[in-house]
Protein chains: 2
Amino acid sequence: MLNELTASDDSGAPVGCGPLLPSGTANAKSMRQQIFEHVRAAGRATRTDVIRALGISAGSATALTADLINAGLLREVESIPRETGRGRPAVALEVIPDTHFAIGIKLSDEFHSAVLTDFAGNTLATASLKTPPHPKSLDEILTEVGTLMQDVLSAANKNQQNIAAVGIGMSGIVDHQAGTVPWSPLLATRNSDFASHFETRFAIPLHLDNDANMLTLAELWFGAGRAKSDFAVVTIEHGVGMGLVIDNRLYRGARGMGLELGHTKVQLDGALCRCGQRGCLEAYLADYALAREAATALHHQPSERQSPNALLDALFSQAKAGNEAAQTIFRRAGRYLSVGLANVVQLFDPALIIISGERMQYDYLYADEVLAEMHRLTLNDGRSACAVETHAWGDLVWARGATALALSAVTDQAVAAIS
Amino acid sequence: MLNELTASDDSGAPVGCGPLLPSGTANAKSMRQQIFEHVRAAGRATRTDVIRALGISAGSATALTADLINAGLLREVESIPRETGRGRPAVALEVIPDTHFAIGIKLSDEFHSAVLTDFAGNTLATASLKTPPHPKSLDEILTEVGTLMQDVLSAANKNQQNIAAVGIGMSGIVDHQAGTVPWSPLLATRNSDFASHFETRFAIPLHLDNDANMLTLAELWFGAGRAKSDFAVVTIEHGVGMGLVIDNRLYRGARGMGLELGHTKVQLDGALCRCGQRGCLEAYLADYALAREAATALHHQPSERQSPNALLDALFSQAKAGNEAAQTIFRRAGRYLSVGLANVVQLFDPALIIISGERMQYDYLYADEVLAEMHRLTLNDGRSACAVETHAWGDLVWARGATALALSAVTDQAVAAIS
DNA sequence: CAAATTAAATTCATCTCTCGAATTAAAAAA
DNA sequence: TTTTTTAATTCGAGAGATGAATTTAATTTG
């Protein structure tokens, strides 16, 4: 072991020092693409804006924007709104929206959603589909996806040939690179070759990812994350998910399996999680965790079957009405949420945490107390607490995040095609 | 909130979509630097090696290596060891070691260490200094650093003018970018302006960082991390530290405060940590955590004062001798280590975890059982477990990591100077 | 031993990208 | 109308990389 620290091997040649593997070079975007993406991000931008934002010369700005205009991706805005000030008025540029279109889809256990956007990121149409809540075969779910795509296409008066790419987000363990699904609660079979089946069936490029990543991407492209290049997203829905953006890019661990906040352990030998282990954060926070205690607090018979959502609503109103047992359930969940958030801050030190949950009305979970407790549970050493925002966005926003995944791939292609 | 999701504002201009902040472009290294670093990493490399490794053309390799040779950074190796095979024999290149030198220093509470390396990363001399274990003023500690530097310089027969940069790693909260120390157990004052004081006193550029980051850098430059571009390092010493490498670069959170694994909570209202909070991982794992239970297990009177190390050694031999109470102390610590590692895997999904601890003889902590438990506590879904290696390196390796920090800055400068 | 073969390294015309100084363009102010 | 101011364009120059052709230095073969 200590051998590795010696300066040379037997032959006398130095062993060298420093990383042996190359750094990822895929991050290098061409100046043209940076300009395009800056214009799209700003909505509208003049060449001078571009020069200042990207630190390039005026000559480059002229040449590269001309390329983008000739390629039909950007255009000058005619309706100049009479700016004040002297000098030649600047001409704004904007993305031509209807050159490419993308569909983003969020698959859930009860409800699928789809969004169709143009190349500027505008939502043109949405659709949704109720679905029986049980695991399905790959064929079944692709049929549902097909229905959903048809719905959103006809709502936008487009057809399948117009779509440059599709993004899909689904819960479970998803291998984004391979386009496969090692496991998902939505699928009856493991290791589904989702993307290639999709692409042979629909003949459209598919970009598949974890649903928490899609929500994170939605925040990066359309939400509060736009103004931050490093932030974390925590979701509390059926389970507890997480996404992380570092330097404007989604972080996916070495094997594409990281960020499983819901299954980090917050209690040795703690409550039973649906994953089969004990002490997972999710086992204190997810809807099923609250629901199973609710039965006790509400003195239900085990035989009484009720939908989890209805059960939780009953529990919440009981808590509000003063039921001590019901209150402790929410309070404990809130405390564990604080612990989970504190651990995220402690490990990742994000510039911002965005908490996103459907059941915002459960204010026990989203109260200032929870954030204060999170702050108490963090080593801060006098520095200001990590900023936290709470959003309650519906499935359409998740689907919009999936469009962002597709759009960014389409953008790469479209700009690279200029050459 | 939902306003952010609309397509345009009042003026009719689109609000745009996508990240507003630019991505860090500092990652773009020139081809010349990539070649230099590849040669240094390989120890020796031919131009053809470079061509294959970096995917550049033969013409570029000739031109760029010629630049590096003319600049005095690389040289051709004369002693060709008669390779087999036909064709013109390749000429190996290597770094000229004695063009630049750097010193790396690890500051601890009882013991400082220093290493002097040349530009190829070879260790030329080492030095160490015993120091009274109490917080010191900035001036005092800089005096100690000065002594240490003199020692290592004279051992290598060099003087201060030869040193191109110094790297220092110390425990506590360290702001690498600013070169300041918001808090450290080694310093009596908070918010010390460490780097600027150092630089005015010694007139050498200083690169300051957290000590766990230095160990991580040592693994990346000299150890098992060389062959991985993404890995995590966990250290169990006086506290519990962590470092993370993503794409061959150290991850430092948004405010340079992340990766505080020791203060993630693994038990609500758990054991008391020296940070004042309860349930921190460190409160179950660090030496002081074991020591305070040792007193109970060994039936010591609270009055009996003993050094923590001696106490731990006594505890360990008792455990080995069959003392049940002593055994449970180690066993529990081992279980919590499993939890901590499992959480790291679950959140970061590294390609490799390197565990580094001084007290390797405490096999309860480093047994296969701990790793097996870690694996059990992780959602794997059939995939292979995260690779784990255990290293027990002394302070000199930490100091060597600090030289890597200095060397990489010197390299940036030296290669950029070629123009 | 000379010729053929093989692989490494170099040379050089070319292409892309970017810069920056000079110039042109389009407005308001004098 | 002239001057001033700011935006945008043009164009020559240089860096960086490529790839085809060539040179170099060895081994293998006849």
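Bear in mind that the values in this text are calculations on the coordinates, not laboratory data. The structure presented is a predicted model; accordingly, all values stated were derived computationally and were not measured. In this analysis, Cβ positions are derived from the backbone assuming ideal geometry, glycine residues included, and neighbour counts consider all displayed protein chains.
Other residues within the sphere of radius under 13 Å centred on the Cβ of residue B:352, judged by their own Cβ, net out at -1 (K and R +1, D and E -1).
Highest average first, the peptides B:260-268, A:101-109, A:321-329 ordered by how many other beta carbon atoms sit within 10 Å of their residues are A:101-109, B:260-268, A:321-329.
For residue B:147, the point set 7 Å out from Cα toward Cβ sits 7.9 nm from its twins in the other copies, listed from shortest up. Note on chain A: with a GNM built from Cα contacts shorter than 10 Å, the maximum mean-square fluctuation among A:312, A:379, A:93 falls on A:379. Working from Cα pairs under 8 Å separated by at least six residues, relative contact order for the range B:194-257 is 25 percent. Using a cut-off of 25 Å between Cα atoms, the listed pairs A:29/A:228; A:320/B:265; B:106/B:158; A:29/B:29 include A:320/B:265 as exceeding that distance. Overall shape of the range A:138-216 was characterised from the C-alpha gyration tensor. The equivalent ellipsoid obtained from it has semi-axes of 22, 13, 12 Å, in decreasing order. Write down the percent of antiparallel bridges among all DSSP beta bridges whose residues are both part of the protein assembly as shown, to the nearest 5. About 60 percent, rounded to the nearest 5.
Using a Gaussian network model of chain B with C-alpha springs under 10 Å, which one of B:256, B:59, B:43 is most mobile by mean-square fluctuation? Of B:256, B:59, B:43, the most mobile in the Gaussian network model is B:59.
Calculate for the protein assembly as shown the 222 nm mean residue ellipticity that helices alone would give, adding -39,500 (n - 2.57) per DSSP H run of length 4 or more and normalising by residue count, nearest 500 deg cm²/dmol. Please list the in-between numbers first.
Working: 26 runs with 321 residues, N = 838.
Helix contribution divided over all residues of the protein assembly as shown: -12000 deg cm²/dmol.
With the Kirkwood sum run over all distinct C-alpha pairs, chain B has a hydrodynamic radius of 24.0 Å.
Each Lys or Arg adds one and each Asp or Glu takes one away; over the other residues whose Cβ falls under 13 Å from the Cβ of residue A:255, this sums to -2. Its Cα gyration tensor gives the protein assembly as shown an equivalent ellipsoid. The semi-axes, each the square root of 5 times an eigenvalue, are 45, 40, 25 Å from largest down. Could you tell me the center-to-center distance, by alpha carbons, between the range B:186-210 and the range B:379-419 in angstrom? Taking the Cα centre of the range B:379-419 as reference, the centre of the range B:186-210 is 22 Å away. Using a 7 Å projection from Cα along Cα-to-Cβ, the label point at residue A:317 is separated from the same position in the remaining copies by 7.0 nm, smallest value first.
With the convex hull constructed from alpha-carbon coordinates only, the range A:164-302 shows a mean projected area of 11.0 nm² over all directions.
Applying a 10 Å radius around every beta-carbon, put B:128-136, A:400-408 in order of their mean neighbour count, most first. Intermediate results must be reported in sequence, preceding the final value.
Details: B:128-136: 14.2, A:400-408: 28.0.
Going from most to least packed, we get A:400-408, B:128-136.
For residue B:28, the label point sits 7 Å beyond Cα toward Cβ; its separations from the matching points on the remaining copies run 0.8 nm, from shortest to longest.
Just want to confirm a number: the relative contact order over the range A:153-274, from Cα pairs under 8 angstrom separated by 6+ residues, in percent. Walk me through the intermediate numbers first.
On the way: 179 pairs, mean separation 23.0, N = 122.
Result for the range A:153-274 is 19 percent.
Shielding by partners for peptide A:341-353, expressed as the average number of C-beta atoms from other protein chains within 10 Å of each residue's C-beta, is 6.
Evaluate E = 1/(1 + (r/R0)^6) for residue A:201 and residue B:417, where r is the Cβ-Cβ distance and R0 equals 51 Å; express this FRET efficiency to the nearest 0.05. Don't jump to the answer; show the numbers that get you there.
On the way: r = 57 Å, r/R0 = 1.12.
FRET efficiency, residue A:201 to residue B:417: 0.35.
A quarter of the convex hull surface defined by the alpha-carbon atoms of the range B:31-95 gives 4.3 nm² as the mean projection. Computed on chain B, with alpha-carbon pairs under 8 angstrom and 6+ residues apart, the relative contact order is 15 percent.
At 27 Å minimum axial length over the Cα atoms and a Kyte-Doolittle cut of -0.5, report the qualifying DSSP H helices in chain B, or say none. Don't jump to the answer; show the numbers that get you there.
Working: long enough: B:324-348 (36 Å, 0.41); B:395-416 (32 Å, 0.82).
Span-like helices, by this rule, are B:324-348, B:395-416.
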